[in-house]
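*Asks:* Have a look at this one.
What follows is calculated from the coordinates using simple rules that are stated; it is not laboratory data. The shown structure was predicted, so the numbers you read here are calculated from the model rather than taken from an experiment. With ideal geometry, Cβ positions are generated from the backbone for all residues, glycine too; neighbour counts draw on all protein chains shown.
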Amino acid sequence: MELKYYGKPWLQAFKGAYFILLGILLMLQVYGSIHTIAMLFSFFIGLTGFVLIVATILLKKKENRIWNISLGLFHLFFAVLIIIKLEHPRIEIFWILVLWILFNSLTELIEAGILLLNKNAFFALFIINALLSSLMGMGMYNLIVNFTEERLFNVGFIALVFGLVYQLSAYLLNRIKNPIDLNH
């Protein structure tokens, strides 16, 4: 098993960016921040879905084509769902965020499996991210069940750390150059 090129390090960077923003907003406990968080998440999740679909189609990538387009469509679905629920009670928005985070955890595990099948040692990063994502989902769920300011701050801190881990993952994934680019 070796460290091999991974074609989507930007995806980890995107996820890291919105978890860092989520963490900061939750730790600051700004009044009305759930709507701000929802708008930011819908933008980043939608942008991620759009880029996954467009990049796969425009770059005519054959590898994992159906997976990447499906992943993009699910991201767009969550983005639209968040936008639809913006004027609904805070609890509904939290539920959508929890579902997206759990979806994110599942996709990280699937990506880890794909990398493991390709004998790429980076699969370990995706398992770590899946575990952290599950922890984040549990924290968000606990906010739904028993909301306190201390729990909100703790979830914000977890999100901040999680976002930094995602950024580190993106950096590490980007260090291995595409073998096709090296031949030119």
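*Asks:* Quick one: how many lysine pairs does the chain have with C-alpha atoms less than 26 Å apart and a gap of 8 or more or different chains? Give me the count, please.
*Replies:* Here the count comes out as 24.
*Asks:* If we count chymotrypsin sites (Phe, Trp or Tyr not before Pro) as exposed when they sit in a DSSP loop and have at most 13 other beta carbons within 10 Å, what is the longest stretch of the chain that avoids them all?
*Replies:* Value returned for the longest uninterrupted segment is 32-146.
*Asks:* Rg(Cα) of the range 9-173 divided by 2.2 N^0.38 Å?
*Replies:* 1.02
*Asks:* Can you tell me the alpha carbon radius of gyration of the range 50-132 divided by the globular rule-of-thumb value 2.2 N^0.38 Å?
*Replies:* For the range 50-132, the normalised Cα radius of gyration comes out at 1.27.
*Asks:* For the range 107-184, what is the convex hull volume of the alpha-carbon atoms per residue, in Å³?
*Replies:* Each residue corresponds to 86 Å³ of Cα convex hull volume.
*Asks:* Taking the chain as a Gaussian network, Cα atoms linked when under 10 Å apart, which of Val165, Val155, Val54 shows the biggest mean-square fluctuation?
*Replies:* Val54
*Asks:* Along Cα→Cβ, 7 Å out, is where each label goes; now give me the distance between the ones at Gln29 and His88 in nm to one decimal.
*Replies:* Distance between the two pseudo-spin positions: 2.7 nm.
*Asks:* Let me ask something else about it. For the chain, modelled as a GNM with alpha-carbon contacts under 10 angstrom, which of Ala159, Ala55, Ala130 fluctuates the most?
*Replies:* Among Ala159, Ala55, Ala130, the largest GNM mean-square fluctuation belongs to Ala55.
*Asks:* Kindly state, to the nearest 0.05, the FRET efficiency for Ala55 paired with Ile114, given R0 = 22 Å and r defined as their beta-carbon distance.
*Replies:* With R0 = 22 Å, the Cβ-Cβ based efficiency is 0.85.
*Asks:* Still on this structure, please answer the following. Highest GNM mean-square fluctuation, the chain, Cα pairs closer than 10 Å: which of Glu108, Glu92, Glu63?
*Replies:* Looking only at Glu108, Glu92, Glu63, the largest GNM fluctuation is found for Glu63.
*Asks:* In addition: Report the extension gain between Leu168 and Tyr141 in nm, rounded to one decimal, defined as 0.36 nm multiplied by the number of residues separating them, less their alpha carbon distance.
*Replies:* Gain in length upon complete extension: 7.1 nm.
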